[in-house]
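Here the structure is laid out as structure tokens; the discussion comes afterwards.
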Amino acid sequence: MATSKTLVSQSQYFSNKTHSSKTLNKIDSFTKITYVSHDLMKSRHGFHKSSFSLKLNYFALWESKNDSHGRILHVPSISRAVVASANMNKSDECHKQKNMTFVEELRSMAMKLHVKDPSRKGSNNETMAQILMKEKPSLHGYVNFLVDSKVVYDALEKIVMDADYSSYAELRNTGLERSGALAKDLEWFTEEMGIQIPPPTTAGIAYASYLEEVAVKNPKKIFCHFYDIYFGLAAGGRMLGKRASEKILEKKELEFYKWNNGELSELLQNAREKLNKVAQSWSREEKDQCLEETEISFKYSEDIMKLIIS
């Protein structure tokens, strides 16, 4: 029977049937190690696989004829190999991060939240944007969405204009502001469609209150919300607006989705440059604290978007 060779922990007996399996492929003077562990890494299904290369003379091999039990003579522990792999992955992430602008980091964080979420129930794990693009919007719900959106934009734009934080000056008069446009749209619903504008829901009030609170406690975090709110509207938000226009407004284009003071691409690029400029003086910790706001921003925004199909 052929002899199997498996890398295991230092000076001990080991069963690779119930715990781990490692395969080695020698390439020149280096060994390619594929390490598969059960439970050790506590990943999604209890298994974790990683591959990395190390010099062959750093390890000894376990030889077993029945592929079940064997004995090792000398080898560093598997835990060191696991740590080495984790450190390599962390190093790669840090390297990528160093080569990214702050806006690229913000975008990367946002994109991670645009994937399917297994925790969602009853929606085939779809993202909120995917759900909204499939469900038919209601007129009442859409008006509620616009009202709550205005509450949030009012709060954010007031913070940027009035707060005693010098860096906010970079976010003023960007041309991306939406509060005035939303006011015109709500007026149109009243005059042309005879709709009585409702008060904001708890979703809009909650997000606006949070922005006001965080602007006082940690002003830098507002820059994440600025990016998520304005850049999110310029991307997926316009798609949702177009669908609502076609389904319930007879293709009426709202002011909310128009930028009359310049080309949107230019306005966004100018905003990117200003965000990057402000973040240049921030420490890594300050940037990370700002980036962590992405998930909070998405949660509040999703609660407001849900109103479209309510």
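Computed from the coordinates by the stated procedures, all read-outs in this text should not be read as laboratory data. Worth saying up front: this structure is predicted, and the values here are computed from it rather than measured. FYI the Cβ positions are ideal-geometry reconstructions off the backbone, even for glycines, and counts take in every protein chain you see.
What to note about this one:
- In order along the range 181-196, phi translates into HN-Hα couplings of 5, 5, 4, 5, 5, 5, 5, 5, 4, 6, 6, 8, 10, x, 8, 7 Hz, rounded to whole numbers, per the Karplus curve 6.51 cos²θ - 1.76 cosθ + 1.60 with θ = phi - 60° and x for Gly and Pro.
- Remark on TRP282: its backbone amide H falls under 5 Å from none of the residues 5 or more positions apart or on other chains, H modelled at 1.01 Å from N.
- Computed from backbone phi with θ = phi - 60° and the Karplus coefficients 6.51, -1.76 and 1.60, the 3J(HN,Hα) list for the range 126-137 is 7, 6, 4, 4, 5, 5, 5, 6, 9, 7, 7, x Hz; x is used for glycine and proline.
- Debye, to nearest 20: dipole size of the range 148-188, +1 on Lys, Arg Cβ, -1 on Asp, Glu Cβ: 80
- Two-decimal log10 I(q)/I(0) for the range 206-262, as the Debye equation yields it once each C-alpha is a single scatterer, q = 0.15, 0.19, 0.28 Å⁻¹: -0.60, -0.78, -1.04
- Gain in span if fully extended, GLU126 to GLU266, counting 0.36 nm per residue against the direct Cα distance: 47.2 nm
- Packing-based ranking, highest mean first, of 278-284, 144-150, 169-175 given that Cβ atoms within 10 Å are counted: 144-150, 169-175, 278-284
- Placing R0 at 25 angstrom, the Cβ-Cβ distance between ALA163 and LYS251 gives a FRET efficiency of 0.05 after rounding to 0.05.
- Spin-label pair SER108/GLU191, simplified geometry with 7 Å Cα→Cβ offset, distance in nm: 4.8
- In order through the range 283-298: 3J(HN,Hα) via Karplus (6.51 cos²θ - 1.76 cosθ + 1.60), integer Hz, x for Gly, Pro: 6, 4, 5, 5, 5, 5, 4, 5, 4, 5, 6, 4, 5, 5, 4, 4
- A simple packing score, the average count of other Cβ atoms within 10 Å per residue, orders the peptides 213-220, 228-235 as 228-235, 213-220, with the highest score first.
- Rg [Å, one decimal], Dmax [Å, integer] - the range 190-302, C-alpha atoms: 16.9, 52
- You can think of it this way: the chain between GLN289 and MET100 has 66.4 nm of extra reach, that is 0.36 nm per residue less the Cα-Cα gap.
- Per-pair calculated FRET efficiency, R0 = 35 Å: LEU139 and ILE296 via Cβ, rounded to 0.05: 0.70
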